[in-house]
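The values are calculated or read from the model by the stated rules, or taken from the named source; none is laboratory data. Fair warning: this is a prediction, and the values are worked out from it, not measured in the lab. Positions of Cβ are generated from backbone atoms using ideal geometry, with glycine treated the same way; all protein chains shown enter the neighbour counts. Heads up: the accessible areas ignore ligands, DNA and RNA and are worked out on the full protein's heavy atoms, side chains in. Shrake-Rupley method; radii C 1.70, N 1.55, O 1.52, S 1.80 Å.
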Amino acid sequence: MSWKGALNKRLLRATGYELRRRRSAAPQRARRRVGGAVAQPGDRLLEAPAFVLCTVRSGSTLLRMLLDSHSRIHSPPELHLRDLGVAVRTDYATRSLAEVGLDEEQLRFLLWDRLLHRELATTGKPLLVNKTPNDVYIADDIMRCWPDARFIFLLRHPGAIARSRQATRPQDPPERNARTVLRYGEALERARSTYPGVTVRYEDVTADPRTETQRICEFLGVPWEEGMLDYGRFDHGRLRPGLGDWKDKIKSGAVQEAEPPPADADVHPLLQPLSVAWGYAPAPAAARTP
């Protein structure tokens, strides 16, 4: 018997106690929080993604192609994250996910992150800028998924948006067309008033693409490149409905100045407050500060 064993035997006989090595506690898996939900280290593969928040028919496809022409920026066709979800169908699955720190929302965020990261990885570029007009309805979800996300707010004259959309959907009555544009516009304005970002106007992008893309590059933290302006030299994927604009103007490969906006009297009454809020029309006389 070793001296340690002999000492322990005497201690046990005298006091009823013996010395034992304390077992170390099992290591706990580290967890971190993203927004209000629990996320595990490694859940987010995408770092600091940027999102163009905009309405339909606002010139976002042109902006996407200008940005996608940068050697460090990938801006894919519309991916419609809002329409991608997951379903946890049983209580067993719910409890199992909870045991590993996931719920249905976090599972959906894993899907979003993996999709965008997969898309970025195919290009070898380090920065992703996503643009889908209906992203404007999920700005809060985007920030919960990626707390380091950045927003580019793209504005266009509401009357010009309605005119452009009416031309692509002539079957819609003017009021329905205006209500659709208003719904997008109000969601965009809520996001602009809630989150930081950079605001650009379609009219400015078409009139001076150099200055506006320089502003966006500065916001994204990448050096500006002259080749961005010649977006027609690069492959930006297929142009078809559901993926973005598909008209002849965007297919030309050259930035063309925006058409003049409609006269104030020709803007649908539903859209006039939005025109004022975005600085495209003066406030009504009764609303002006004396």
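Using the structure shown, decide if Val200 is closer than 30 Å to Ser71 by Cα and part of a strand (DSSP E or B). Taking the combined requirement at face value, the residue satisfies it. Out of all the residues in region 181-205, which are buried (at least 19 other Cβ atoms within 10 Å of the Cβ) and of a type in the set (Val, Ile, Thr)? Matches in region 181-205: Val181, Val200, Val205. Take the conditions (1) part of a helix (DSSP H, G or I); (2) in contact (Cβ under 8 Å) with a residue 60 or more places away in the chain; Ala187 misses just one of them, which is (2). In this structure, does Arg118 turn out to be open to solvent by 70 Å² or more (accessible area, probe 1.4 Å) and in contact with a Ser or Thr (Cβ under 9 Å, 6 or more places away or on another chain)? No, not satisfied. Looking at Arg108, Arg82, just one residue is under 30 Å from Arg183 (Cβ atoms), modelled with pLDDT of 95 or more and open to solvent by less than 60 Å² (accessible area, probe 1.4 Å), and that residue is Arg108. Is it the case that Leu79 is closer than 14 Å to Ile142 by Cα, among the hydrophobic types (A, V, I, L, M, F, W, C) and free of Cβ contacts under 8 Å to residues at least 40 places away in the same chain? The answer is no for Leu79. Selection over region 134-151 of residues that are crowded, with 23+ Cβ neighbours inside 10 Å and either under 23 Å from Gln272 (Cα atoms) or β-branched (Val, Ile, Thr) (or both) gives a count of 2. Taking residues in region 263-278 that are of a type outside the set (A, V, I, L, M), and partners anywhere that are in a loop (DSSP other than H, G, I, E, B), the pairs with Cβ atoms closer than 8 Å and at least 6 places apart or on different chains are Asp264/Ala281; Gln272/Ala281; Ser275/His157; Ser275/Val267; Ser275/Ala281; Trp278/His157. Among residues of region 158-180 that are without any contact (Cβ under 8 Å) to a residue 60 or more places away in the chain and closer than 19 Å to Glu259 by Cα, those with a beta-carbon under 8 Å from a residue that is open to solvent by 20 Å² or more (accessible area, probe 1.4 Å) and assigned to a helix (DSSP H, G or I) at least six positions away or on a different chain give the pairs Gln166/Pro174.
Of the residues making up region 230-275, those that are at pLDDT below 85 and within 24 Å of the chain's Cα centre (by Cα) number 14. Of all the numbered requirements in (1) out of contact with any Gly (no Cβ under 8 Å at 6 or more places or on another chain); (2) touching a residue at least 60 places away in the same chain (Cβ under 8 Å); (3) more than 14 Å from Ser58 (Cα to Cα), Phe151 misses one, and that requirement is (1).
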